[in-house]
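Just so it is clear, none of the values below were taken in a lab; they were calculated from the coordinates. These figures come from a predicted structure and were not determined experimentally. Glycine also receives a Cβ, built like all others from the backbone with ideal geometry; neighbour counts cover every protein chain displayed.
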Amino acid sequence: MSDETRTSHATRVSWRTRRGLAGAAALLLAGLAAAPVAAAAGERAQQPRRGDLVSVEPVADRDARQVRSFLAERDVDTGVVRYGVKAYRLTYRTVDPYGRPTTATGLLTLPRGGTHRLDLVSDTHGTMVDRDYAPSASEDFGRVPSYLNAAAGRAVAAPDYLGLGKGPGPHPYMDTASSVTASVDMLRAARTASQRLGRPLTGQVYATGFSQGGQVAMALGKALQRGADRHFRLRALAPVSGPYDLEGQEMPALFEGRVNDTSGVLYLSYWLVAQNRLHPLYKDPAEVFRAPYASRVEGLLDGSHEEEDVVRGLAPSVKQLLTPASYERLRHPSGAVLDAMRAADHTCHWKPEVPVRLYAGTADTDVPIGNTRACTRTLAGQGARVRVVEQGPVDHFGSIVVSAPQVVRFFDGVRR
């Protein structure tokens, strides 16, 4: 493992094992229980619908000083913080990748102050293998954008996605379609919850997201602009370091050594296991993974293991992880493998009618900046107003540390 890889992995571990303000959270939230959503008599007669709210559970109540402390501990600029925040875990109805009814969870964060009616930010998170690290389940780095945007005066809806947080089943990693349905339905649930909490929404939506969530944010923006829900109007789009082009950028970078070994092994294993549930990639893990990894990879990626445990249980490099045949198959994709890649791609093939900023770092060895540049070219080719903010030589997680406060200021400027 290179020094750069060790540094990047160590940084990720340090962020993901911090539990800032955990003791305060336990004291502040002691005795708070999940609150079932009371339905009116007319609502009870209706069939359940996508986005229907099942329950609301308070999970955090922070004054502005505590928010600044939370952010500063993670090296995030606190200059946009104006208010404290209140956060709630929402459980809501949605559909799985096959369109079958299920539930999902997400984090709704509201400012403790500001205007009565609130604009809404959709924040979609990056890759998570541990369901308990999702925004509604853990007060850790995944809540940084929610706290920043809420502390600046907007409501924030952060879906956990399917199979993460308290939602049932496995997470369909990098399945764009189901990530978008879960995100749209989270907006609907947030609209209902905010109304009942006394902070109704304006219907204006600002979409952002990091890494996997950057790609989801781009697809969500497309869905909202095309009328996914009449109550919401897209106002601006600001994804950070998204893998927008698996076929043309991310996968070639992985096999050319421009993605670090630790991340390459984690992402590719996760992608293969999750996509195999949706596409016929293999019948037996031994067709794809070398021994002894074939016998353990699906168990490690069941949503109950922390990222560090998954990494320790897998090979040190992609070449050592995969069988020679599967290595070549992924290096030169065709058939079901190519179909799976393309199902996640093309999120930039549309013309946003709102301001767009794409943020990325030039030293990113998780999601190389070529993804952002390719997306920018595609959007510009459609006639979109798009600006790239290249953050210089910062790595993947460094890109969100630098970009998240800038995204808040960008949204502030659009709102005026």
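Counting pairs of alpha carbon atoms under 8 Å apart in space and at least six apart in sequence, what relative contact order in percent does region 162-219 give?
The normalised contact order for region 162-219 reaches 26 percent.
Shape of region 183-223 from its Cα gyration tensor (a ≥ b ≥ c, root eigenvalues): rounded if a/c is under 1.5, otherwise prolate when a/b > b/c, or oblate?
Prolate, because a/c is 1.5 or more and a/b exceeds b/c.
Please find the FRET efficiency linking Arg409 to Arg377, where r is the Cβ-Cβ separation and R0 is fixed at 30 Å, and quote it to the nearest 0.05.
About 0.70, to the nearest 0.05.
Between His346 and Ala72, what is 0.36 nm times their sequence separation minus the Cα-Cα distance? Round to one decimal in nm.
The His346-Ala72 span can extend by a further 95.0 nm.
About its Cα centre, how strong a charge dipole does region 132-257 have in debye, to the nearest 20, once Lys and Arg get +1 and Asp and Glu get -1 at the Cβ?
Roughly 980 debye for region 132-257.
Relative contact order, percent, of region 246-343 when contacts are C-alpha pairs under 8 Å separated by at least 6 residues?
38
Which of Ser69, Ser194, Phe397 sits closest to the plus end of the dipole of the chain, meaning its Cα is farthest towards the positive end, when Lys and Arg get +1 and Asp and Glu get -1 on the C-beta?
The one lying farthest along the dipole's positive direction is Ser194.
Report, by chain and number, residues whose modeled amide H sits under 5 Å from the one on Leu234, excluding near sequence neighbours (fewer than 5 apart, same chain).
Sorted by chain and number, the residues that satisfy this are Val205.
Is the shape of region 47-190 best called rounded, prolate or oblate, per the rule: a/c under 1.5 gives rounded, else a/b larger than b/c gives prolate, else oblate, with a ≥ b ≥ c the square roots of the Cα gyration tensor eigenvalues?
prolate
Dipole size in debye (nearest 20) for region 246-343 around its Cα centre, Lys and Arg Cβ +1, Asp and Glu Cβ -1?
300
What is the dipole size for the chain, taken about its Cα centre, with +1 at each Lys and Arg Cβ and -1 at each Asp and Glu Cβ, in debye to the nearest 20?
Result for the chain is approximately 1720 debye, rounded to the nearest 20.
Let me make sure I get this right: for the chain, a, b and c are the square roots of the gyration tensor eigenvalues over alpha carbons, sorted descending. Under 1.5 in a/c it's rounded, otherwise prolate if a/b > b/c, else oblate. Which is it?
Note, shape of the chain comes out rounded.
With a 10 Å radius around each residue's Cβ, average the other Cβ atoms per peptide and rank 103-111, 296-304, 339-347, highest first.
With the highest mean Cβ count within 10 Å placed first, the list reads 103-111, 339-347, 296-304.
For the chain, what is the calculated [θ] at 222 nm in deg cm²/dmol (nearest 500), taking -39500 (n - 2.57) for each run of four or more DSSP H residues and dividing by its residue count?
Result for the chain: -12000 deg cm²/dmol, rounded to the nearest 500.
List the relative contact order of the chain as a percent without decimals, with contacts defined as Cα pairs under 8 Å and 6+ residues apart.
Rounded, it is 15 percent for the chain.
Answer with one residue from Leu107, Gly370, Gly299: the one whose Cα lies farthest towards the positive end of the charge dipole of the chain, charges on Cβ with Lys, Arg +1 and Asp, Glu -1.
Most positive-ward Cα: Leu107.
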